[in-house]
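Take a look at the structure set out below.
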Amino acid sequence: MSGQSITDRITAAQHSVTGSAISKTVCKATTHEVMGPKKKHLDYLIQCTNEMNVNIPQLADTLFERTTNTSWVVVFKSLTTTHHLMVYGNERFIQYLASRNTLFNLSNFLDKSGLQGYDMSTFIRRYSRYLNEKAVSYRQVAFDFTKVKRGSDGVMRTINTEKLLKTIPIIQNQMDVLLDFNVNANELTNGVINAAFMLLFKDAIRLFAAYNEGIINLLEKYFDMKKVQCKEGLDIYKKFLTRMTRISEFLKVAEQVGIDRGDIPDLSQAPSSLLDALEQHLASLEGKKVKDSTAASRASTLSNAVSSLANTGISFTKADEREKQAALEEEQAPFYLFSAPAIDLFSTPSFNNSVLVDSSTSLLLPVFVLSCVFASSGFTASPTPQQPHNPRGLNVDFDSVFGSNANANNLDSSDVLGGILKPTVASSPNQSMTPNGQQPHKLVSTDLDSSLANLVGNLGIGNGTAKNDLHWSQPGEKKLTGGTNWQPKTAPSTTWNPATMVGLSGLSGFILKTSNMRCPSDTLIGS
């Protein structure tokens, strides 16, 4: 069955009505779709474990309830979701699981709906046993072996002999159940079991790294142990060699299914002479006759063995760190995806005496207008490098447009633009002089403010008559707020400059005209 079933949709809708967002997300993470739980649902549930107001028992019970489904897809995805929260969620989630007497009771689970159901049911039973054992291990030692501190000052390297001999068998049991998953590369045929295998692979790396460090600590203390402790320690070491072979086979499967070779650690076995030295030391403590061996040879053998196991531990640690780094980069990817180069909104644009008008965009209009204003006022900007030739655009020279040395025979851009920007107001005796004593059609190159005022005045429409386009009105009923003799106070008046008003009106009209102007393709815009 592929895709969300009708049951999935109805169940999610029911939780939406009741307002249970956690239950709805659990249902969406464990649908009948033959694929691993979606990352967005897993991330939401992880965040829920970090919220103090979230009921962890209710979250766990919802997952347990989903494992009672008859579909192997729903049950398998429920186990995978639970495992994911045990590894990446808040520690109080696994603490609650460890406090329960029973977790998953799926030892008899069987989906008879099809051949794939029979095959996947076998792995569901094995997978549930591992999750149960992972919770039991946490209950026994009060920490997760896959999350303990490693290194020369790590937990497994610094605990005393008595605790060490009690702790290593717990790791062995968890490792045995993990390796009992026993899947081959040709059995990883769908996204559901693949998601579970990836979690098991990551657990195997971290768990064996802690296991390896416990063995190093055991070997360093072995020759100082009592007879009973040495016998127990020798048995632990022999089991370790067996599990090293099994973990090597597990890593081969991981390599066959496409996991990068750099993410798979290398195993370095201790020399076989170490096992002989351990057995001879125990025999000597039991009073048996053994071969004579010097302390120097024994120390050399032990040093070589510890060095080999330390190299294995370093390889496992590096693989774990690469996995963590890859997860961190994946989490930060959305932030880099939406990043863009910073734009300086307060930078001062530099205007040249020419502008490149392109038919593919109309965003150059504001720059075009400002260039007209600056060029008309006699303002000269700092020189900038010449624009490269563009066959789709035309370089419009504003000196020729606004200057007095325009070529009469040039009827391209100068005639078109000049005809628009030339003053259209006829001179009259009443309007021959401005308050500054300058003629309206003359531009003052030495005074920028006066030149701009004259320019916008020349752009006025309606035979030079100042037209105020600002009409203020207050809609609604006017109500008096005082008594019979109440008089409103007159607000201080503000004096408006007529020239400024004319300039604003004229400039707005010019911009509207310019925006609606269609330039001939053979004069302004390159074909």
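Assorted remarks:
- Condition met for LEU63 (over 20 Å from the mean Cα position of the chain (by Cα), within 24 Å of SER121 (Cβ to Cβ) and either at pLDDT 95 or above or crowded, with 16+ Cβ neighbours inside 10 Å (or both)): yes
- Some residue of region 71-83 being open to solvent by 20 Å² or more (accessible area, probe 1.4 Å), closer than 24 Å to PHE123 by Cα, under 24 Å from the mean Cα position of the chain (by Cα) and touching a residue at least 24 places away in the same chain (Cβ under 8 Å): no
- In region 301-329, residue modelled with the lowest pLDDT [restricted to those that are among the polar types (S, T, N, Q) and in contact with a helix residue (DSSP H, G or I) (Cβ under 7 Å, 6 or more places away or on another chain)]: THR317
Here's the yes/no breakdown for (1) free of Cβ contacts under 8 Å to residues at least 60 places away in the same chain; (2) within 27 Å of GLY258 (Cα to Cα):
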residue	(1), (2)
THR167	yes, no
ILE171	yes, no
ASN182	yes, yes
ILE193	no, yes
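- Residue within region 281-300 that is touching a Ser or Thr at 6+ places or on another chain (Cβ under 6 Å), under 12 Å from LEU219 (Cα atoms) and either modelled with pLDDT under 80 or loosely packed, with under 14 Cβ neighbours inside 10 Å (or both) present: no
- Residues of region 245-272 satisfying the condition of being among the hydroxyl-bearing types (Ser, Thr, Tyr) and surrounded by fewer than 14 Cβ atoms within 10 Å (Cβ to Cβ): THR245, SER248, SER272
- Members of region 37-47 found to be out of contact with any Ser or Thr (no Cβ under 8 Å at 6 or more places or on another chain), open to solvent by less than 80 Å² (accessible area, probe 1.4 Å) and within 21 Å of ARG92 (Cα to Cα), listed by number: ASP43, ILE46
- In the set (1) open to solvent by less than 20 Å² (accessible area, probe 1.4 Å); (2) modelled with pLDDT of 95 or more; (3) of a type in the set (A, V, I, L, M, F, W, C), CYS27 fails one condition alone, (2).
- Members of region 112-157 that are under 22 Å from ARG92 (Cα atoms), of a type in the set (A, V, I, L, M) and part of a helix (DSSP H, G or I): LEU131, ALA135, VAL136, VAL141, VAL155
- Verdict on LEU131 being without any contact (Cβ under 8 Å) to a residue 60 or more places away in the chain, closer than 21 Å to ILE170 by Cβ, within 30 Å of the chain's Cα centre (by Cα) and surrounded by fewer than 22 Cβ atoms within 10 Å (Cβ to Cβ): yes
- Among the numbered conditions (1) open to solvent by less than 50 Å² (accessible area, probe 1.4 Å); (2) modelled with pLDDT under 95, the only one that PRO169 does not meet is (2).
The values are calculated or read from the model by the stated rules, or taken from the named source; none is laboratory data. Nothing here was measured: the structure is a model prediction, and the numbers come from that model. No Cβ is skipped: glycine too gets one built from the backbone with ideal geometry, and neighbour counts run over all protein chains shown. Note: areas computed on protein heavy atoms with side chains; ligands, DNA, RNA excluded. Shrake-Rupley method; radii C 1.70, N 1.55, O 1.52, S 1.80 Å.
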